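Below: the structure, in structure tokens.
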Amino acid sequence: MKIVRLLLLLCASLCWVVAAHARTVLQEYLPAAAASDLVPGADGFGPIRADLAVAPVLKGDQTVAWVFITSDFVGTTGYSGKPIHTLVAIGTDARIVGVKLVKHSEPIVLIGIPEAKVKALVASYAGLDIVAEAKSGGTAHEVDVISGATVTVMVIDDSIVRSSLKVARALSLGGLAPEAHEAGPRFEIDRDATGPANWTEAEGDGTLRRLSLDVAQVNAAFDEHPDERARDRAITEAPQTTFIDMQAALVSVPAIGGALLGPAEEANLKSWLKDGENAIAVMARGLYSFKGSGYVRGGIFDRIVLIQDDVSVRFRDRDHRRLGGIALAGAPEFTEMDLFRIPAGLGFDPAKPFRIQLLAQREVGPIEKVFHTFDLGYQLPQKYLRAVAPPVKEALAVADRGEGAAQADLWKRIWQDSKLKIVVLGAMLVVLTGVFFFQTYAVKNAKGFYIFRIVFLTVTLVFLGWYANAQLSVVNLMALFGSLVTGFSWQAFLLDPLTFILWFAVAAALLFWGRGAYCGWLCPFGALQELTNQIARKLRIPQWTLPWGLHERLWPVKYMIFLGLFGVSLMSVEQAEHLAEIEPFKTAIILKFIRAWPFVAYAVALLVAGLFVERFYCRYLCPLGAALAIPARIRMFDWLKRYHECGSPCQTCAIQCPVQAIHKTGEINPNECINCLHCQVLYQSETMCPVVIKKMKSRAKLAASPGGAPIHQPAEKVN
């Protein structure tokens, strides 16, 4: 009997767990929401649908909109590794009526940027036309990025647009059709197909698709533009004059590429394309250029975009090649012939229909333009396709793969947009690694090394800090720990490429050099402290050297701060992130001192203290430095050279160490060393190091006395 009761209790517990797991996010947050905050004049909400996590917004008995939570439909997580819960109301015409941020764990918002600013950004999505987003592949609007919160804003934008598209399709709002997963055969490229014999055949069977516009058609299109100036600037050429005659073909299909390009050009195309990539050829003649000149300045072809369902491809200069000629017999003369590569991983399917959207522009003022779009539709003819039945398991995994691909597209887009920053950071890491590996040569010229260090720190502050906002924080470590506890996901950390790269570099540096590689060279706030201290020295502001006993007792403060924050994070990560405000990084680096005065006063006070005690904050208060110092002793190599005379009797390095990391006995404390290499400059100094001076005198004496016995050289030791 007891066993039966135990089994019943276990079943009840499992049912409760399943029910709790099945509970939607909307069920959690909808009771606290007011319908009128989302939809003006609304009276309340109807019941949540059983088949879809949406609820009607009611005005009387009429449904005027539908409300949902973004995280019920998309799995995109923010910088914290957690979803950003946004309540969205979408009208029956597929326009967003109201948006409200209800829950987030983003550290930059919690302790940096005012939440009101982010809430205002979220609310600005009201009025967004989801039908237009569906047609443009989610690119019909501009993302209003908040400085210092780029990742968070892009995640919010991605989640609002993609979840709205899913809801609008599921409810058939604005004429959008529900997504149908294909149960029948799919199609793939038939590599044994035969291409057209000439241009006429290619046009006739659909291998080539055409968009032909004359001046009269374009003028008529702009006559419908709401800006009256568009009508006043009509093209003056004869109405029948060709505005543009544009043709396109999917040349990554072997049969089409071979026929249109010829053997040599097709071979070049194959070597250019990687696995999963496709390419189109676009040819045109007429008054209007489909390329324009914008790509020369910005690297993007802004007059054409390829659109397939929710996928939109804007071509960049790296995805472009000029086409030297057309091999297909009967081809007309074109003024522009170009190849455009469609990168892999975007979700483009060559077997499905797509369109090339041409953006025609008309100047209506000195710097103002209006635009009208024309579409060239393309469907690969059936003769180039063959049916393939998908495996059952693959068909069941379509939805999951689609969501994962969408999340991957987001971080890949962020990395692509950050290419210049990544290259500069990579160059900085290469240079710094070279300095550490060849430090003996790097520090040989004391003045040259001092100039190099000041320049490097300036780049760290201005580029990494104020421009790229790549300031590591103890908040990153707490987010990582929280992610490990709740379910690790690479996606959350890949959203910020520079921070991701820096943390990998720091992890490698800890094994080789300890914490100093980051703290002494790559930390923007550390660079700010040292640069301001150098200015203070030039202005002859007195420098204070704390007594060793006091200095040694202040060291542990930063470790206690870190352990305290870590302990709080075990109970509440959000509370720990608030307490992490002891770091002045957000104020001084991310927000560039544009913040409420108490935060600015705190950051300035630390910098003022640093004018008298170099790197005051780094030495005694920095929880991130403490976190990095804890594993510092696991480094595999000791790179800093020392003499046996160091510490006994010589105290030069101990006295001159900028952060007092060298004990009076001569040992360097790896937990406190910032690898500034000043001790290595002194190690080779012919004017400051007594051991080197003694060597020089001995060599001079030996040179002055021919036939003298060899002089014993002082032994070296490595710390």
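The values are calculated or read from the model by the stated rules, or taken from the named source; none is laboratory data. Predicted model only: the values in this text are computed from it and were never measured. No Cβ is skipped: glycine too gets one built from the backbone with ideal geometry, and neighbour counts run over all protein chains shown. When the accessible area is computed, the model is the full protein with side chains, heavy atoms only, and any ligands, DNA or RNA have been set aside. Shrake-Rupley method; radii C 1.70, N 1.55, O 1.52, S 1.80 Å.
By average Cβ neighbour count within 10 Å, what is the ranking of 208-217, 494-503, 423-432 from highest down?
Those peptides, ordered most packed to least, come out 494-503, 208-217, 423-432.
Counting other Cβ atoms within 10 Å of each Cβ, which GluC sites (Glu not before Pro) in segment 283-375 have at most 12 and sit in a DSSP loop?
Here the GluC sites (Glu not before Pro) that fit, given the DSSP loop and packing criteria, are Glu333, Glu368.
Report the full-extension gain for the segment Phe438 to Gln361: residue separation times 0.36 nm, less the Cα-Cα distance, to one decimal in nm.
22.1 nm
Using DSSP to define loop residues, name the chymotrypsin sites (Phe, Trp or Tyr not before Pro) in segment 621-655 whose beta-carbon has at most 16 other beta-carbon atoms within 10 Å.
Counting only loop positions with at most 16 other Cβ atoms within 10 Å, the chymotrypsin sites (Phe, Trp or Tyr not before Pro) in segment 621-655 are Phe637.
How would you rank 695-702, 530-537, 167-174, 675-682, highest first, on the average number of other Cβ atoms within 10 Å across their residues?
Averaged packing, sorted descending, gives the order 675-682, 167-174, 530-537, 695-702.
How much space per residue, in cubic angstrom, does the convex hull of the C-alpha atoms of segment 550-688 take up?
So the per-residue hull volume is 140 Å³.
Below 9 angstrom from the Cβ of Phe599, what's the summed charge of the other residues (Lys, Arg +1; Asp, Glu -1)?
Local net charge: +1.
Measuring with a 1.4 Å probe in the full set of protein chains, what accessible area per residue, in whole Å², belongs to segment 408-462?
54 Å²
Please list, in chain and number order, the residues 5+ apart from Ala331 or on another chain whose amide H is under 5 Å from its amide H, with Hs placed from the backbone.
For Ala331, the qualifying residues are Trp199.
What FRET efficiency comes out for the pair Asp349/Leu550, r = Cβ-Cβ distance, R0 = 45 Å, nearest 0.05?
It comes out at approximately 0.05.
Let's test the formula: R0 of 56 Å, r as the Cβ-Cβ distance of Ala220 and Ala596. What FRET efficiency results, to the nearest 0.05?
Calculated value: 0.50.
So what is the relative contact order of segment 317-367, in percent, for Cα pairs below 8 Å that sit 6 or more residues apart?
Across segment 317-367, relative contact order equals 34 percent.
Output ³J(HN,Hα) for segment 264-276: one whole-Hz value per residue in order, computed from phi by the Karplus curve 6.51 cos²θ - 1.76 cosθ + 1.60 with θ = phi - 60°, and x for Gly and Pro.
Per-residue couplings from phi come out as 5, 5, 5, 5, 5, 5, 4, 6, 7, 7, 9, 4, x Hz.
With a point put 7 Å past each Cα toward its Cβ, work out how far Gln62 is from Arg386 in nm, to one decimal.
Result: 5.7 nm between the two label points.
Let me have the relative contact order for segment 166-287, percent, based on Cα pairs under 8 Å that are six or more residues apart.
So the answer I get is 24 percent.
Please compute the alpha carbon radius of gyration of segment 414-572, then divide it by the globular-protein estimate 2.2 N^0.38 Å. Two decimals is fine.
1.20
Enumerate the amide H contacts of Leu323 below 5 Å, restricted to partners 5 or more residues apart or on another chain; note that Pro and chain-start residues carry no placed amide H.
Here Met337, Asp338, Leu339 satisfy the definition.
For the pair Thr335 and Thr200, how long in nm is the line joining their label points, each one 7 Å along Cα→Cβ?
2.8 nm
Which chymotrypsin sites (Phe, Trp or Tyr not before Pro) in segment 509-613 pass both tests, a DSSP loop state and at most 14 other beta-carbon atoms within 10 Å?
Within segment 509-613, the qualifying chymotrypsin sites (Phe, Trp or Tyr not before Pro) (loop, at most 14 other Cβ atoms within 10 Å) are Trp544, Phe593.
Taking 0.36 nm per residue of separation and subtracting the Cα-Cα distance, what length does fully extending Ser289 through Ala116 add?
Computed gain between Ser289 and Ala116 is 57.8 nm.
Treat each spin label as a single point 7 Å out from the Cα along the C-beta direction, and report the Ile655 to Phe481 distance in nm.
4.2 nm
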